[in-house]
1. Please list, in order along region 110-122, the HN-Hα scalar couplings obtained from phi with the Karplus expression 6.51 cos²θ - 1.76 cosθ + 1.60 (θ = phi - 60°), rounded to whole Hz, x for Gly and Pro.
2. Under 5 Å between amide H atoms, partner at least 5 residues away or on a different chain: which partners does His83 have, H built in plane at 1.01 Å?
3. Can you pull the one-decimal nm distance between simple spin-label points at Gln268 and Glu40, each 7 Å off the Cα toward Cβ?
4. Under the Kirkwood approximation applied to all pairs of distinct alpha-carbon atoms, what is the hydrodynamic radius of the chain in Å?
5. Name the aspartates and glutamates eligible as straight-distance cross-link partners of Lys125: C-alpha to C-alpha under 13 Å, and not fewer than 8 places from it in the same chain.
6. Amide H neighbours of Tyr190 under 5 Å, counting only residues 5+ apart in sequence or on other chains, H built in-plane at 1.01 Å?
7. Which residues in region 63-81 have a backbone N closer than 18 Å to a point placed 7 Å from the Cα of Ser100 along the Cα-to-Cβ line?
8. Given the pairs Lys107/Lys186; Lys22/Lys186; Lys210/Lys239; Lys105/Lys179; Lys47/Lys186; Lys31/Lys186, which are separated by over 32 angstrom at their Cα positions?
Amino acid sequence: MALELTDTHCHIHEAVSHFTGKTETRERWQKDKKVGSSDELIADAKKDGVTRLVCVGTTLEDSKLAVEFVQSRDGCWASIGIHPHEASVHLDKASHAAFSALADKPKVVAVGECGLDYFYTHSPKEDQVKLLELQMELALQHDLPMIFHVREAFEDFWPVFDAHPGITGVIHSFSATSKELDQILKRGLYVGLNGIMTFTKDASQLAAAKAVPLDHLVVETDAPFLTPVPFRGTICEPKHVRVTAQFLANLRGEDLDSFAIATTRNAQQLFGIA
Ligand SMILES: [Zn+2]
């Protein structure tokens, strides 16, 4: 059986030419003249065994685009949410209603990425918490799992999470230590690992990556960001999930085939995808 990997977190819908929204991600895609169209990115990923992709929204406009993008594309699903960087811009009832309508569309499999980012703190902490709560309510109303972005903010994240029983999901781009990992696993959440692991020099991050139980691990790229070794210096594409998967399998003493089978099965269970 051919290898089947899943990129549980990418932003390739922003690489389509008709998207005019202004995001940091969009700028990154536009800057790289060598990168092909979104469809080429998908085709290249499939060639490398990355057969399933979750396209993750970061604003209302971007989430609409992600939902529209995946409708006609096999192996692609969408997640809708507002990134904590955008929290101060989007705190209103109208956008909540718009998200609610989006959540009912076909192939929408999660709410996110959302969470708390105290590393950059582009938005005030109170706004970030408020927005996270709203998105948790949205996820519960629509019975969807969540994709969480938590950076240097776990202390504030857990009380919000624990106040919303029934939430499931993944801590995306996990790069914390075993202490945070224990808290994640205690709550039954999945752990999303990406290219960071291939270039980090932090032994505690690698130790935590090694300790994630295989039945709670998923892989991702966060394309166009976080390009793994040996492709540093180029734009990150979903196909790069393969080298990250190989790196992690080696790190953990697993073979790539069983690693791919397990992580794809986890993604299917988490997002309810075929
Ligand atoms: Zn992302």
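1. 6, 10, x, 8, 9, x, 10, 10, 9, 6, 8, 6, 5
2. Residues meeting the criterion, in which the H sits 1.01 Å from N, are Thr59.
3. Label-label distance for Gln268 and Glu40, simple model: 3.2 nm.
4. Taking the inverse mean of 1/r over all distinct Cα pairs, the chain comes out at 18.3 Å.
5. Reachable aspartates and glutamates: Glu86, Asp117, Glu133, Glu152, Glu155, Asp156.
6. Result for Tyr190 returns Gly169, Val170, Ile171.
7. Backbone N within reach: 64, 80-81.
8. Over 32 Å Cα-Cα: Lys22/Lys186; Lys105/Lys179; Lys47/Lys186; Lys31/Lys186.
The values are calculated or read from the model by the stated rules, or taken from the named source; none is laboratory data. Predicted, not measured: the structure shown is a model, and the values here were computed from it. No Cβ is skipped: glycine too gets one built from the backbone with ideal geometry, and neighbour counts run over all protein chains shown. The protein model used for the area step is the full one, side chains on, heavy atoms only, and it has no ligands, DNA or RNA in it. Shrake-Rupley method; radii C 1.70, N 1.55, O 1.52, S 1.80 Å.
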